[in-house]
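Report on the structure given below.
The values are calculated or read from the model by the stated rules, or taken from the named source; none is laboratory data. Owing to the predicted nature of the structure, the values given are computational and were not obtained by experimental measurement. When we count neighbours, we look across all protein chains shown, and the Cβ atoms used for this are built from the backbone with ideal geometry, even at glycine.
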Amino acid sequence: MSTGFGLMAPLLRPSDASAPNVEKVNAELFTLTYGAIVRQLLTDFEDVDEVNKQLDTMGYHIGIRLIDDFLSKSNVTRCTEFKETAEVIAKVGFKMFLGVTATVANWDADGTECSLILDDNPLVDYVELPETCQGLYYCNVLCGVIRGALEMVSMRTEVKWVRDVLHGDDTFEMRLKLLKQVPEEYPYKDDE
Amino acid sequence: MAAPGRMRCMYIFNRNGVCLHYHVWYRPLTTLSPQQDQKLMFGLLFSLRSFTVKMDPTSNNKGHLGVPQLPGQGCSFHAFTTNTYKLSLLETPSGIKIVLVTDPGMGDLREALRYIYSNIYVEYVIKNPLYVPGEHFRCELFNAALDQYVKTLK
């Protein structure tokens, strides 16, 4: 059984026999399938902003599952530092699920906001935005994935695109803002 | 019930204390309702962890007992043994706790718990499109794979 999402990277640690096999998906098939989903959303919702929202929500639902897949394959055992976590997403996470790596840059002074810069983005091969869709964040699903995955490791975040090649920028830049790290609390009330 | 192997039972919890799965191999005595039993187990893990952090001789950043900690912060325990059973625990950064209760002579189960998480829980539950994250699951494939795997544990 497969989630069918982006498992096309080569094995991260091919030498490690205990690592479960990472299924690979043909890159073109993946790109075209994603394109078909976005196209269908545009047809269904007829509103670019609504499609952006839908993509983000879809990504979120992928993210809250993907995190366990990621943790089990990467052997990452703790995610407490936001800085470290951002690096892991850029170097290990993107590599594992999209087959590319991102660069972490532009930290703010408090260390709660940074950018992930993607020079190579396999989602947008063959894509051009028509005049009517200039407000579309075509890759918004990725923002949702990261937001969902981080929420599962107790980091509430806000993730959005600030530069997008499809909008004429020179690269893809995603802004990651840490809102709150949620502590572990005893989940039951005393009178339950 | 069949002749007892070395396994007693297994619990999987998420961060919110929901028991996602309870699996029993051999448990001759059950006095509580499943809900009470699972809640007590989660409470045991939660309290024991806050005690281990408080008593850590290597760290001076302990805070006060019972004060919420960030996940992964501070030390944690991976097993304890009594004269009648051994409890082994795996906790992931995503808040999943896998608890395996076995006979007290069982060796180190950290690798085994890791295997159950990676190759059984993630493969058969997380990747199951019909599973709603955060809810209790019942999954034949998961049970079969788990039963198969624990037979290999010595």
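Given the criterion within 16 Å of the chain's Cα centre (by Cα), surrounded by 12 or more Cβ atoms within 10 Å (Cβ to Cβ) and of a type in the set (V, I, T), identify the matching residue among A:T103, A:T112.
Checking each option against the conditions leaves just A:T103.
Residue-by-condition table, conditions (1) within 14 Å of chain B (Cβ to nearest Cβ); (2) surrounded by fewer than 20 Cβ atoms within 10 Å (Cβ to Cβ); (3) outside any loop (DSSP other than H, G, I, E, B):
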| position | (1), (2), (3) |
| --- | --- |
| A:L142 | no, no, yes |
| A:A149 | yes, no, yes |
| A:E158 | no, yes, yes |
| A:V162 | no, yes, yes |
| A:L166 | no, yes, yes |
| A:D170 | no, yes, no |
| A:L176 | no, no, yes |
| A:K180 | yes, yes, yes |
| A:Y188 | yes, yes, no |
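Among the residues of the stretch B:20-41, are any within 12 Å of another protein chain (Cβ to nearest Cβ) and among the small types (G, A, S)?
Checking the stretch B:20-41: not a single residue is within 12 Å of another protein chain (Cβ to nearest Cβ) and among the small types (G, A, S).
So, in the stretch B:34-57, of the ones that are free of Cβ contacts under 8 Å to residues at least 12 places away in the same chain and assigned to a loop (DSSP other than H, G, I, E, B), which residue ends up nearest to the chain's Cα centre (by Cα)?
B:M55
Can you go through A:D56, A:D44, A:D68 and tell me which one is out of contact with any helix residue (DSSP H, G or I) (no Cβ under 7 Å at 6 or more places or on another chain) and of a type outside the set (S, T, N, Q)? Spell out the reasoning first.
Details: A:D56 fails: out of contact with any helix residue (DSSP H, G or I) (no Cβ under 7 Å at 6 or more places or on another chain); A:D68 fails: out of contact with any helix residue (DSSP H, G or I) (no Cβ under 7 Å at 6 or more places or on another chain).
A:D44 is the lone residue from the list that is out of contact with any helix residue (DSSP H, G or I) (no Cβ under 7 Å at 6 or more places or on another chain) and of a type outside the set (S, T, N, Q).
Looking at (1) modelled with pLDDT under 90; (2) at the interface with chain A (Cβ under 10 Å from one of its Cβ atoms); (3) exposed (fewer than 14 other Cβ atoms within 10 Å of the Cβ), can you tell me which one B:Q69 breaks?
(3)
Please note which helices (runs of 4 or more DSSP H) are completely contained in the stretch A:12-123 and include at least 2 residues that are among the charged types (D, E, K, R) and touching a residue at least 60 places away in the same chain (Cβ under 8 Å).
Ranges flagged: A:48-74.
In this structure, does B:P104 turn out to be at the interface with chain A (Cβ under 10 Å from one of its Cβ atoms) and of a type outside the set (D, E)?
So B:P104 does not fit the description; no.
Go through the residues of the stretch B:104-122 one by one and say whether even a single one is touching a residue at least 60 places away in the same chain (Cβ under 8 Å) and among the acidic types (D, E).
no
Looking only at residues that are surrounded by fewer than 20 Cβ atoms within 10 Å (Cβ to Cβ) and under 25 Å from B:K86 (Cα atoms) in the stretch B:119-136, which one is nearest to the other protein chains (Cβ to nearest Cβ)?
So the residue we want is B:N119.
Can you find a residue that is surrounded by fewer than 14 Cβ atoms within 10 Å (Cβ to Cβ), closer than 27 Å to B:E140 by Cβ and touching a residue at least 40 places away in the same chain (Cβ under 8 Å) anywhere in the stretch B:13-33?
Yes, the stretch B:13-33 contains at least one residue that is surrounded by fewer than 14 Cβ atoms within 10 Å (Cβ to Cβ), closer than 27 Å to B:E140 by Cβ and touching a residue at least 40 places away in the same chain (Cβ under 8 Å).
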